[in-house]
Amino acid sequence: MADIERHTRVNQTLTAPLERPTLQWLAARSPRWITPDVLTALGVVGSVMCFVGYWLTEQSAWWLWFVNAGFILNWYGDSLDGTLARFRKIERPKFGFYIDHTVDVISEFLVIVGIGMSPYMRFDIGLFALIGYLVLSVHVYVRTAVDGVFKISYAALGPTELRLIIMITNTLIFFAQDFFLTPLLGDFLPFDLIGIALATALSLAFLISSWHHGVRIAQAEAQARK
């Protein structure tokens, strides 16, 4: 099994060339009172904002801007905590990995269930998307434990890209509410179809990647026994 302190992080996403220097810039200018633990907590606060905002969109679409603010705060806390720890050389590899990804599960639950509670997506479809995200997350963590590769990007998409896609969708919903509240296929709203497509893509990524790495590991162990 791989040593968690030596695992390789793979994050080859569309926004990575811009995101990495931005996070380094923020880490270098963060005041001392901002610690990795504070940032992790801020990320959770951002997720709670998303949940509450989506829930309140039943009353007004203006809450979508509150949701987008929550996504920005979630990105700031979730993406910067590890960068800041490495910048200040105060890493806690095991605790950091454990708490960061435990909190990720909480955040994923809050955001996606919140979307399902909004008038723009059916709750069952929201749960389907949550399942897709969680099964892929399980694959990421299992692969990290087995071969030391922590891969969080698939098809050049990662958590930051997913946040951006949802934020752009929120903005489109605000300016075209009639369209997003009108069924396109049967009883499915436009955001329902986006949720189904996302859940299907995540599930396929899980199945394909699991098969690929399972075969690779089996072949490597068979070769080692010769």
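Taken together, the values in this text are just the output of simple stated rules run on the coordinates, not laboratory data. The structure presented is a predicted model; accordingly, all values stated were derived computationally and were not measured. Every residue, glycine among them, receives a Cβ derived from its backbone with ideal geometry; neighbour counts consider all protein chains shown.
Based on the Cβ-Cβ distance of W65 and L14, what FRET efficiency does E = 1/(1 + (r/R0)^6) give at R0 = 25 Å, to the nearest 0.05?
So the FRET efficiency works out to roughly 0.55.
Rounded, prolate or oblate for the chain? Axes are the square roots of the Cα gyration tensor eigenvalues, ordered a ≥ b ≥ c, and the cut-off for rounded is a/c under 1.5.
The shape class here is oblate.
According to a simple spin-label model (label point 7 Å from Cα along Cα-to-Cβ), what is the distance in nm between I72 and D37?
2.8 nm
Apply 1/(1 + (r/R0)^6) to the Cβ-Cβ distance of W211 and F188, taking R0 = 22 Å, and write down the FRET efficiency to the nearest 0.05.
Efficiency computed from Cβ-Cβ geometry: 0.15.
Suppose each label sits 7 Å from its Cα in the direction of the beta carbon; what would the V135-T171 distance come out to in nanometres?
Reported label-point gap for V135 and T171 is 3.3 nm.
Kindly provide the helix-only [θ] at 222 nm of the chain, computed as the sum of -39,500 (n - 2.57) over DSSP H runs of four or more divided by all residues, to the nearest 500 deg cm²/dmol?
Value at 222 nm, helices only: -25500 deg cm²/dmol.
Just to verify a number: FRET efficiency for I106 and K226, C-beta to C-beta distance, R0 = 45 Å, to 0.05?
The calculated FRET efficiency here is 0.50.
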